[in-house]
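So the structure is just underneath, and the comments pick up after that.
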Amino acid sequence: KGIEDIILRVLGVEKDLARVGVNLAELLVVDDCSRDRTAQIAEGIATEYPRLRVIRHKKNRGYGGALKTGFSQASGDLVGFLDADGTYPPEYFPQLCTKAMNGSDLVIGSRMAGADSQMPLTRRIGNFFFATLLSLLGRQKVTDSASGMRVFRREVLEQLYPPPDGLNFTPVMSTRAIHENIR
C-alpha cells in the first residue's frame, strides 16, 4: 500500500541531495516475488521517472538477497537503501550522505537516536543491548544495529561481504563493519 508514497518521497529528496553535493543517479526497487502489486505500481511510476528501475526476482531470495541484488545493480559511489515500508524517512538521506562524504564509510539511520519510533518495546530493548555491545567492541557509537536505512561508500562493500540473505542482513552488516574496522 505504501510503495508509491515511499518512491515519491525518495525522489522528492533529489534537490536536498543536490544541495549537499549528491546526484541521485538512480532509484532501484527490488521486488522479491511479492504477491501484491508492488512491482506493477513501481513500474508504472518508472514510466514517468527514467532513473527509477524495477528489478524483479524470479525466485524469492529473502530480505538480504534483495538488498544484495540492489547493491550489484547500483552504479553510484555512495549507495543508500531503506526498507520500503515507510518506517524510515528518506528525508534524512542528505544528512546520511553528508556524513559518508565527510569521512564515514557506513552511516546508519537510527530509530533510537531521539525521534519517535514504531519499534516494539522488546525489539527496542534487544536492539539497544546489541548496539551497545557493538559500540563497546568496536569503539564506535552504534545506536541501531538493525536499521534498514543506510548509506555506505561502494568501496567498502567488498569488506562487508558475504552477508546473509535473510532478515538478519543488517545486524550482520553492522557486526561485519565493526570487525573490519570500517568507519
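The values are calculated or read from the model by the stated rules, or taken from the named source; none is laboratory data. Model, not experiment: these values are computed from the prediction. Glycine gets a Cβ as well: all are built from the backbone with ideal geometry, and neighbour counts include every protein chain shown. The protein model used for the area step is the full one, side chains on, heavy atoms only, and it has no ligands, DNA or RNA in it. Shrake-Rupley method; radii C 1.70, N 1.55, O 1.52, S 1.80 Å.
In a simple Cβ point-charge model (Lys, Arg +1; Asp, Glu -1; nothing else charged), the chain has a dipole of about 360 debye relative to its Cα centre.
Inter-label distance, GLN95 to ASP77: 2.4 nm, where each label sits 7 Å from its Cα along the C-beta direction. Tell me which of ALA84, LEU24, PRO163 sits at the most positive position along the dipole axis of the chain, charges placed on C-beta atoms (Lys, Arg +1; Asp, Glu -1). Positive-end residue among those listed: PRO163. Rolling a 1.4 Å probe over the protein heavy atoms of the chain, with every protein chain left in place, gives an accessible area that is 53 percent carbon and sulfur.
Within the set (i) 59, 47, 47; (ii) 66, 33, 33; (iii) 47, 36, 33, the number that Cα extents along the principal axes in Å takes when calculated for this structure is listed as (iii).
The loop-placed chymotrypsin sites (Phe, Trp or Tyr not before Pro) in the range 1-99, going by DSSP, include none that has at most 15 neighbouring Cβ atoms within 10 Å of its Cβ.
Shown here: the range 39-78, whose C-alpha atoms stretch 28, 27, 12 Å along the first, second and third principal axes, sorted largest to smallest. The fraction of Cα-Cα pairs per 10 angstrom bin, counted from 0 for the range 1-92, comes to 16, 52, 29, 3 percent, rounded to whole percents. Taking amide hydrogens as placed 1.01 Å from N in the peptide plane, the amide H of VAL29 sits under 5 Å from those of ARG53, VAL54, ILE55, each at least 5 positions away in sequence or on another chain.
Pull up the DSSP beta bridges for the chain and report the antiparallel fraction as a percent, rounded to 5. That works out to approximately 60 percent antiparallel.
If R0 is 45 Å, the Cβ-Cβ spacing of ASP5 and LYS141 corresponds to a FRET efficiency of close to 0.90.
Working from the Cα coordinates of the range 53-101, the gyration tensor eigenvalues give, after taking √(5λ), semi-axes of 22, 14, 8 Å in decreasing order. Distance between the 7 Å Cα→Cβ label points at LYS15 and TYR49: 1.5 nm. A cut-off under 13 angstrom between Cβ atoms defines the neighbours of ARG61, and their net charge, with Lys, Arg +1 and Asp, Glu -1, is +1.
Within the range 1-83, the GluC sites (Glu not before Pro) that combine a DSSP coil assignment with at most 11 other C-beta atoms in a 10 angstrom radius are GLU48. Residues in the chain average 58 Å² of solvent-accessible surface per residue, probe 1.4 Å, ligands and nucleic acids excluded. Given the pairs LYS68/LYS99; LYS15/LYS141; LYS1/LYS141; LYS1/LYS58; LYS1/LYS59, which span a C-alpha to C-alpha distance of over 26 angstrom in this model? Correct reply: LYS15/LYS141; LYS1/LYS141.
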